[in-house]
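J.: Quick one: structure below, then a few questions.
The values are calculated or read from the model by the stated rules, or taken from the named source; none is laboratory data. Please read these numbers as outputs of a predicted model, since none were measured by experiment. Every residue, glycine as well, gets a Cβ built from its backbone with ideal geometry; the counts of neighbours run over all protein chains shown.
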Amino acid sequence: MPIRNRYAELHPEITEWRQDFHRHPELLFEVHRTAARVAELLRAFGCDEVVEGMGRTGVVGVIKGRKTDSGKVIGLRADMDALPIREVTGLDYASQTPGMMHACGHDGHTAMLLGAAKYLTENRNFDGTAVFIFQPAEEGGAGGLEMCQDGLMDRFGIQEVYGMHNSPGTPVGHFAIRPGVLLASTDEFYITVTGKGGHAAEPHEAIDTTLVAAHILIALQSIVSRNIDPLKRVVLTVSTFVTDSTANNIIAHQVRMEGTVRTLDPECRSMAEERVREIAENTARAHGAQAQVTWEQGYPATVNTPDETAYAAEVARTISDHVDDNTAPILPAEDFAYMLEERPGAYIFLGNGDSASCHHPAYNFNDDAIPFGSSWYSGMIEARMPLDG
Ligand SMILES: [Zn+2]
Ligand SMILES: [Zn+2]
């Protein structure tokens, strides 16, 4: 079966919403205009309940099926925020806000989910309750976590949750998913090494912090090569290295390093943290200096549960002949991970065609993908909560 026919009719309208969001990008939790528009449309469709202000600026719409005897409640999620990037697409609906753009396609995700909400309010061809989740601050603000902390899952009784992201470089209409880990966890670390500054010609009177930090920098690279199981994937990058020396006759007193660790495996994640601390603190101590390590946990890994992944792929197969249900995991992170920590569910990729990559200033969401995305969202509701089930 191809895309649902109704979406061919709705396509121009959904495209209009999408391009309007594109014209008016907003960052992180400041998605006030977008959230207000989403809530307005959900009310206009006739949603049974629309709640604003969850997780600060998140919006939730509830649609009850023709029957609710099954007692089932399924959540569908889209993200609404844009990025601090200056757009270079030259589109007639390009960003009207300098320095901000929808460079990750969240304008498309939001529009496709709205399309599914419109379709389902018209038909209500299911036995249960559909919860439409529009979250702020996916791009580094953990808006999904805030919505969860605001009681999203319990308040609406959500039992399963599904999300989608466009995939540049994958043909439009193709889907990709896998059971288990799909996207990485991401953590940041900050190391401050303090020795003893001094004259470059009198190193014996100083503790050369630059040399100590250099030992730490190199030793950190042994974590991935010597501590982590070679069959597992971990990235450890030290991204900045700044000394407080400003001249070639000064030995630095303090050096600051910043880095990131990405992994697909929670055990590797905690081992990396432990080893970064041990190596930094003890290497510094061995040289008579001190290292202070600050570890900031970012998004956890996005882990699809097996049964729900199978349902998601099955629904995708009703829409498309091209469904890869064992795609390779990738190392960006995604804050839908927090919702998957609370409920079983799955995250799926939808082809965006031959576009620039996400977070590139020439990126644009592909409106041709809309009928596929909306069909999948509403298909999850109709297939998981069938009327004759
Ligand atoms: Zn992004
Ligand atoms: Zn994104």
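J.: Return a yes/no flag: does region 134-155 have any residue that is of a type in the set (Asp, Glu) and within 16 Å of ligand 1 (Cβ to nearest atom).
T.: yes
J.: Sort out which residues of region 135-152 are on the phi > 0 side of the Ramachandran plot and within 16 Å of ligand 2 (Cβ to nearest atom), and write them in order of number.
T.: If the condition is that a residue be on the phi > 0 side of the Ramachandran plot and within 16 Å of ligand 2 (Cβ to nearest atom), then ALA137, GLY140, ALA142 are the ones that fit.
J.: For region 82-100, enumerate the residues that are away from ligand 2 (no atom under 16 Å from the Cβ), of a type in the set (A, V, I, L, M) and either touching a Pro at 6+ places or on another chain (Cβ under 7 Å) or in a strand (DSSP E or B) (or both).
T.: Within region 82-100, VAL88 is the sole residue that qualifies.
J.: Just to be sure I understand the filter: pairs with C-beta atoms under 9 Å, separated by 6 or more residues or on different chains, first member in region 323-335 and over 16 Å from THR309 (Cβ atoms), second member basic (Lys, Arg) and away from ligand 1 (no atom under 16 Å from the Cβ). Which pairs pass?
T.: Short answer, once both residue conditions are applied: LEU331/ARG233.
J.: Specify which of the listed residues (GLY373, GLY345) is closer than 17 Å to HIS106 by Cβ and small (Gly, Ala, Ser).
T.: GLY373
J.: Test each condition in (1) within 16 Å of ligand 1 (Cβ to nearest atom); (2) buried (at least 24 other Cβ atoms within 10 Å of the Cβ) for LEU340 and report the one that comes out false.
T.: (1)
J.: With the requirement that a residue be in contact (Cβ under 8 Å) with a residue 24 or more places away in the chain and of a type in the set (Lys, Arg), what does region 237-290 give you?
T.: Passing the criteria: ARG256, ARG262, ARG269, ARG275.
J.: Okay, moving on. Among the residues of region 101-123, write down those that are surrounded by fewer than 20 Cβ atoms within 10 Å (Cβ to Cβ) and either within 16 Å of ligand 2 (Cβ to nearest atom) or among the charged types (D, E, K, R) (or both).
T.: Result: GLU122, single match.
J.: Ok, one more. Just to be sure before I move on: is THR209 crowded, with 22+ Cβ neighbours inside 10 Å and within 16 Å of ligand 1 (Cβ to nearest atom) in the structure I sent?
T.: No: the conditions fail for THR209.
J.: Right, another one. Mind listing whichever residues of region 92-118 are hydrophobic (A, V, I, L, M, F, W, C) and within 27 Å of PHE132 (Cβ to Cβ)?
T.: Within region 92-118, MET100, MET101, ALA103, CYS104, ALA111, MET112, LEU113, LEU114, ALA116, ALA117 meet the criteria.
One line per residue, one yes/no per condition, for (1) small (Gly, Ala, Ser); (2) at pLDDT below 95; (3) more than 20 Å from GLY151 (Cβ to Cβ):
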| residue | (1), (2), (3) |
| --- | --- |
| GLY58 | yes, no, no |
| VAL88 | no, no, yes |
| ALA94 | yes, no, yes |
| THR110 | no, no, yes |
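J.: Read through the list (1) within 16 Å of ligand 1 (Cβ to nearest atom); (2) of a type in the set (Val, Ile, Thr); (3) surrounded by fewer than 21 Cβ atoms within 10 Å (Cβ to Cβ), then give the number of the only condition that VAL88 fails.
T.: The single condition VAL88 does not satisfy is (1).
J.: Could I ask something else about it? Restricting attention to region 45-81, and to residues there that are surrounded by fewer than 19 Cβ atoms within 10 Å (Cβ to Cβ), part of a strand (DSSP E or B) and acidic (Asp, Glu), which single residue is nearest to ligand 1 (Cβ to nearest atom)?
T.: Per the stated criteria, the residue is GLU52.
J.: Another question, if that's okay. Only one residue in VAL50, VAL31 is out of contact with any strand residue (DSSP E or B) (no Cβ under 6 Å at 6 or more places or on another chain) and at pLDDT 95 or above, so which one is that?
T.: Residue meeting the stated conditions: VAL31.
J.: I've got another one for you. So, in region 343-386, of the ones that are among the aliphatic types (A, V, I, L, M) and buried (at least 19 other Cβ atoms within 10 Å of the Cβ), which residue ends up farthest from ligand 1 (Cβ to nearest atom)?
T.: My answer is MET385.
J.: Oh, and also: For the structure I just gave you, tell me whether ALA291 is over 23 Å from MET380 (Cα atoms), buried (at least 21 other Cβ atoms within 10 Å of the Cβ) and not polar (S, T, N, Q).
T.: The answer is yes for ALA291.
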